[in-house]
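Structure record follows, encoded as structure tokens.
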Amino acid sequence: MKLLVCISKTPDTTSKISFSQDGKRYLDEGIQYILNPYDEWYALVRAIELKEKFGGQIDVIHVGNATSDILIRKALAIGADAAFRIDMEPMNSDEIAKQIAKFAKENSYDLIFCGKETIDHNSSEVASRIAQYLDIPYLSYCNHLEIENDKIVASCELEGGVALLEAKIPVVISAAKGLAEQRIPNMKGIIDAKKKPLEVISPIETEQLVELVCFELPPVKSGVKMIDPTQIDEMVAVFKNELKII
Amino acid sequence: MVLVILEEQNGRIKKSAIEAAGFASKLAQLSGMKVCGLCLGRTINVNELTGLGLDQIVQIEHADYLDSSQWISIVAQAKEQLGSKFIVLSNNSLGKSISGGLSVHLKMGLISNVVNFKSQEGVLQFQKSVFSGKASAWYAFSDLNGIIALMPNGFGIHKFDEKPIDSKVLDLKIPEPKIKLLDRKLIQGKTPLTEAEIVVSAGRGLKDPSNWYMVEELADILHATTACSRPVADAGWRPHHEHVGQTGVAIRPNVYIALGISGAIQHLAGVNNSKKIFVINKDPEAPFFKAADFGVCGDLFEILPKLNEALRKSKMN
């Protein structure tokens, strides 16, 4: 079984969000980057579990510059076999998807995993785009997945429920919480990761269909209004007059 | 022409689709275009749609599950036949499974998680929510047409003067599915969290799952949907689909009531776009108070029963 896991980097959840004066650029000086949690915790680990059960090869792919290599090594330490980095700084999700789709087409994978979204742009676009470029089924927001011969049976999140879906391999999957449990790389994994291949690939040309005008921070909240815990009537008044929910 | 996807459930148009129709109509007003709704599934009574700002409706009766590739093909055909410049849809679970693919298929730009738009020096700009709602980014389409996927509960519901809607027939072909639906499990009777106006949520401060009835009580009084923090879901007190936060569901209700939740940054990432936040916590240092509009610092077990009682009385009067 040949598995591809798409990994992206994102600022750590606790990072301060600030932008350049003209609003064009996220200020990332001193910001700690991490592997996107949905990619690392759920997509990658489920791929490893499938390899443990059925055997095969797990490749990870990342679109980014050399500063990402340390994070790519972490994915290798967790259990991927080989890594590929497409050497460019992507401006949007279509660029990422186009690069990955081209690579995936040339290397014919059975399953292509992505996280359900990155925690910085929250777009949920890449997986859906890759599936379209490759013209294969897309199982979105998948929280459980089993393989039965050449078929995938997956439980996928809907508003207020789940759908149990079946598709023929190859498929693209986006991973949600529940698909697997986070794994921490062990010492052997970290040492082995240094010897595993990390190949750098030149990007293909892409075009821009959307342009960033500027980033913007939300208006600062006016501050919390505290209510004395014994003043139940005041709470009721807030529910009635301010929140207007009774 | 602006094409808006109207998702239905049990023959009724979904709340997220009403929001999308309102956005499409406002966008059409500003750019002098007409709006056409596209509904696949059970037929909707056109009288239900008159206040949404629509000029036309295309309905395709289709009882079975449609997978993402089928949706993409049908929406693309409709777009081509109508000559639409913009496609508007909700970025709910359907939207997330098709909007990227639609953008690739039609070679149109996509701006997702949009909460608002404006016209600046004649150029339409769309506000996208980023960094889990801690910031936004304004985007424009390079060639003045594109796909806009709306963050649920972001733009809000807008009502329009009632006007007659033309039913239009298009020659749309439904391709073979790539995915088979085996089963669908929906939680009955409750508004899904992403569509809820009022959410009552509780965390570890509740101490034991047997205390959950107090949360349900408040939710019942307010006709709210219940949610929980990650530790509560992980401990199995509540089902995972009720977990709101970074790795759970992200929501933007009108009112979010947090009971015994400290407000760690990962939790706030899922709820900080709520329009108003009301927090009860016994720890004065709880970070949630910094993100809240109203706060009560005290013991949940003393406050909540009295509050529920008082709210019930107030409702009866």
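The values are calculated or read from the model by the stated rules, or taken from the named source; none is laboratory data. These numbers were taken from a predicted model, which means no experiment stands behind them. We place every Cβ from the backbone using ideal geometry, glycine too, and count neighbours over all the protein chains shown.
Being among the basic types (K, R), more than 25 Å from the chain's Cα centre (by Cα), facing another protein chain (nearest Cβ under 7 Å) and surrounded by fewer than 20 Cβ atoms within 10 Å (Cβ to Cβ): is that true of B:K134 here? So B:K134 fails the test.
Taking the criterion of being assigned to a strand (DSSP E or B) and within 14 Å of another protein chain (Cβ to nearest Cβ), would at least one residue in region B:90-109 satisfy it? Within region B:90-109, one or more residues are assigned to a strand (DSSP E or B) and within 14 Å of another protein chain (Cβ to nearest Cβ). Reported count of residues in region A:133-147, each being buried (at least 18 other Cβ atoms within 10 Å of the Cβ) and free of Cβ contacts under 8 Å to residues at least 24 places away in the same chain, is 0. Within region A:193-202, the residues that satisfy the criterion of being touching a residue at least 12 places away in the same chain (Cβ under 8 Å), of a type outside the set (G, A, S) and loosely packed, with under 15 Cβ neighbours inside 10 Å are A:K194, A:P197, A:E199, A:V200. Take the conditions of a type outside the set (A, V, I, L, M) and within 14 Å of chain B (Cβ to nearest Cβ) and apply them to A:S68. Does it pass? It is false that A:S68 is of a type outside the set (A, V, I, L, M) and within 14 Å of chain B (Cβ to nearest Cβ).
With respect to A:S140, is the statement that it is facing chain B (nearest Cβ under 7 Å) and under 26 Å from B:W138 (Cα atoms) true? Considered against the rule, which asks whether it is facing chain B (nearest Cβ under 7 Å) and under 26 Å from B:W138 (Cα atoms), A:S140 comes out as no.
Restricting attention to region A:77-103, and to residues there that are among the small types (G, A, S) and touching a helix residue (DSSP H, G or I) at 6+ places or on another chain (Cβ under 6 Å), which single residue is farthest from the other protein chains (Cβ to nearest Cβ)? For region A:77-103, the residue satisfying everything is A:A83.
Scanning region B:218-240 for residues that are assigned to a helix (DSSP H, G or I) and either in contact with a Leu (Cβ under 8 Å, 6 or more places away or on another chain) or aromatic (F, W, Y) (or both) turns up B:L218, B:I221, B:L222, B:V232. Scanning region B:281-299 for residues that are touching a residue at least 60 places away in the same chain (Cβ under 8 Å) and surrounded by 24 or more Cβ atoms within 10 Å (Cβ to Cβ) yields a single hit, B:N281. Which of the residues spanning region A:148-163 are surrounded by fewer than 19 Cβ atoms within 10 Å (Cβ to Cβ) and either over 19 Å from B:G95 (Cα atoms) or more than 9 Å from every other protein chain (Cβ to nearest Cβ) (or both)? Hits for region A:148-163 are A:E148, A:N149, A:D150, A:K151, A:V153.
Annotation note: of B:V199, B:V215, the sole residue that is touching a Leu at 6+ places or on another chain (Cβ under 8 Å), assigned to a strand (DSSP E or B) and β-branched (V, I, T) is B:V199.
Screening B:G156 with (1) within 17 Å of the chain's Cα centre (by Cα); (2) loosely packed, with under 14 Cβ neighbours inside 10 Å; (3) modelled with pLDDT of 95 or more gives one miss only, at (3).
Can B:I74 be described as more than 7 Å from chain A (Cβ to nearest Cβ), β-branched (V, I, T) and in contact with a helix residue (DSSP H, G or I) (Cβ under 9 Å, 6 or more places away or on another chain)? No; evaluated as a whole, the condition is false for this residue. B:A269 meets each of the listed conditions (1) more than 9 Å from chain A (Cβ to nearest Cβ); (2) of a type in the set (A, V, I, L, M); (3) farther than 14 Å from B:R204 by Cα apart from (1).
Summed over region A:18-55, the residues that are outside any helix (DSSP H, G or I) and under 10 Å from the mean Cα position of the chain (by Cα) give a count of 2.
For (1) β-branched (V, I, T); (2) touching a residue at least 24 places away in the same chain (Cβ under 8 Å); (3) assigned by TED's automatic domain parsing to the domain that holds B:A264, each residue gets a yes or a no:
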site	(1), (2), (3)
B:Q120	no, no, no
B:F126	no, no, no
B:G133	no, yes, no
B:G146	no, yes, no
B:K159	no, yes, no
B:G205	no, yes, yes
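Taken together, A:E40, A:E29 contain a single residue that is among the acidic types (D, E) and touching a residue at least 24 places away in the same chain (Cβ under 8 Å), which is A:E40. Scanning region A:107-128 for any residue that is hydrophobic (A, V, I, L, M, F, W, C), more than 16 Å from the chain's Cα centre (by Cα), buried (at least 19 other Cβ atoms within 10 Å of the Cβ) and within 11 Å of chain B (Cβ to nearest Cβ) turns up nothing. Surrounded by fewer than 21 Cβ atoms within 10 Å (Cβ to Cβ) and either among the small types (G, A, S) or under 29 Å from A:Y138 (Cβ atoms) (or both): which single residue out of B:L172, B:L150 fits that description? Criteria check complete, one pass: B:L172. Any chance region A:62-72 includes a residue that's under 14 Å from the mean Cα position of the chain (by Cα) and assigned to a helix (DSSP H, G or I)? Among the residues of region A:62-72, at least one is under 14 Å from the mean Cα position of the chain (by Cα) and assigned to a helix (DSSP H, G or I), which makes the answer yes. Is it true that some residue in region A:203-216 is within 12 Å of another protein chain (Cβ to nearest Cβ), free of Cβ contacts under 8 Å to residues at least 12 places away in the same chain and surrounded by 18 or more Cβ atoms within 10 Å (Cβ to Cβ)? No, every residue in region A:203-216 fails to be within 12 Å of another protein chain (Cβ to nearest Cβ), free of Cβ contacts under 8 Å to residues at least 12 places away in the same chain and surrounded by 18 or more Cβ atoms within 10 Å (Cβ to Cβ). One residue stands out in region A:148-181 among those that are free of Cβ contacts under 8 Å to residues at least 60 places away in the same chain and charged (D, E, K, R): the one that is nearest to A:E125 (Cα to Cα), namely A:E157. Within region A:39-94, the only residue that satisfies the criterion of being within 18 Å of A:E125 (Cα to Cα), in contact with a strand residue (DSSP E or B) (Cβ under 7 Å, 6 or more places away or on another chain) and of a type in the set (D, E, K, R) is A:D39.
Among the residues of region A:51-70, just one is in contact (Cβ under 8 Å) with a residue 60 or more places away in the chain and crowded, with 21+ Cβ neighbours inside 10 Å, namely A:V63.
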